[in-house]
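Report on the following structure.
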Amino acid sequence: MQEERLRHTRMIAYYSAVGPHLDPKKLPKTIDEFMRIGDKQKKRSRVSDEMRELYKKRMDEYNEAMRIYREKHKDQDTDKK
């Protein structure tokens, strides 16, 4: 019953999203591509593990630089208040 309601909701959402005012090249080709229901299999992320690690490394560097900046300018912020 719940899956049938999901299918009905998906159909309404799909047909309300597909229209002449949108670029058809950017729209999903099928209703299943638009919203999957009941699929146990997850899509594999397009971001590689190498890129995730690089992002994490850069964010750690940024956070450390911001921490140092805040500590350095902490006294100036309290003087303004």
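Read-outs throughout are calculated quantities, based only on the coordinates presented, and are distinct from any laboratory measurement. Please read these numbers as outputs of a predicted model, since none were measured by experiment. No Cβ is skipped: glycine too gets one built from the backbone with ideal geometry, and neighbour counts run over all protein chains shown.
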Selection within the stretch 1-33 - over 23 Å from the mean Cα position of the chain (by Cα) and polar (S, T, N, Q):
Gln2
Arg36 being in a loop (DSSP other than H, G, I, E, B), surrounded by 10 or more Cβ atoms within 10 Å (Cβ to Cβ) and under 21 Å from the mean Cα position of the chain (by Cα)
yes
Just checking, does the stretch 17-32 include any residue being among the charged types (D, E, K, R), in a helix (DSSP H, G or I) and touching a residue at least 24 places away in the same chain (Cβ under 8 Å)?
no
